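Readers should treat all values here as calculations from the given coordinates under stated rules, not as data from a laboratory. Here the structure is a predicted model, which is why all the values come from computation and not from measurement. Cβ sites come from the backbone with ideal geometry, for glycine too, and all protein chains shown count toward neighbours.
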Amino acid sequence: MRILLTFTCSSLLILTLCLFWLIENALCEPLPSATIAFASDVNGNWEIFLTDSMGQKTINLTNNPSADYYPMWSPDGTKIVFFSRRDENHEIYVMHADGSNQTRITHHTAQDKAPSWSPDGKRLAFSSNRNGHFNLYFFNLENQAIETVTTNEFQDEVPTWSPDGKNLVFHSKRLLNWDIYTINVNTLEEKRLTHQPLMDTYPAWSPDGKRIVYGSMRRVGNVADFDLYVMNASDGGNKTALTDTPTDEAVPAWSPDGNMIAFQYEQDSRWVIHLMNADGTERRELINNNAWAAQPKWQRSSAALPIKPIFLDSTQWGELKTP
């Protein structure tokens, strides 16, 4: 009995020490790589968050009482550009990927929004109504020069760069309907890719540059809603539906390897974020925080971004907030 007691106590001691070791190492390990940025109003106002590809860890990057929207990654994955109302007007800001060094980079009485980083990291494309209508502009990150790209009398919005940096894709309300266009950034030659009677919006280039995914509003009977479609980037051909639900899917974004798409999904009269394979299969929920979650964007660099709890606080999801 004494031998058995001694053995049992020793076993418990070893087990306890092992448990402490596991807990200590688990706390010291960084969280899973945070690969997706998104916007949410879970804290009562719109802010920029990071999450991993399972949606298990969420990090509030901006922590600002004003509204922050539409995160877009730098090509090397070390910075995020976004727009914000923190100066009582939509202006463009940039920050490090850990949320530090948040810096305003546009200063205009008009609204500057929806920035997108060029593949070479030297310029931003963005939308602004500084000439009275929303058009596209370039911002040179080296000398802060602004260059006009389009001069349309209606609205050109949400530009996204092609992977080779030669073109932008955007949606525009020309001919009184939202359609998708591309523009060559050197020649400014434009090409219209969609021609259907309802809205086509929020296009995004595939990493190989061959396809564009976008939200398209189609009508079935008396009901019209957005589904996700993909088409050839060269000419808008081969349009194919990726989703077919009675509620809206919108604002898609490709994963860097081209295998998955993140997007907004309308659920319970708000946006949540879903993931699916690039062919529309194996769909799953990523973020459903009892608030609004939108505008997912994948980190474009293949480098991991370890986020340690000692530097950033994970967000506890709150009650439903309506913008």
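Okay, here's what the table says:
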item: Neighbour-count order for HIS90, HIS107, fewest beta carbons within 10 angstrom listed first; result: HIS107, HIS90
item: Residue-count net charge about GLU249 - beta-carbon cut-off 12 Å; Lys, Arg +1, Asp, Glu -1; result: -3
item: Under 10 Å, Cβ to Cβ, from ALA204 - net charge with Lys/Arg +1 and Asp/Glu -1; result: +2
item: Environment charge at ILE105 (Cβ cut-off 10 Å; Lys +1, Arg +1, Asp -1, Glu -1); result: -1
item: Förster radius 25 Å - calculated FRET efficiency between LEU175 and THR281, Cβ distance, rounded to 0.05; result: 0.10
item: Distance between the range 133-187 and the range 48-89 - C-alpha centres, whole angstrom; result: 22
item: Magnitude of the charge dipole, the range 31-298, Cβ model with Lys/Arg +1 and Asp/Glu -1, debye to 20; result: 200
item: Coordinate range along principal axes, alpha carbons of the range 44-160, Å, largest first; result: 44, 33, 25
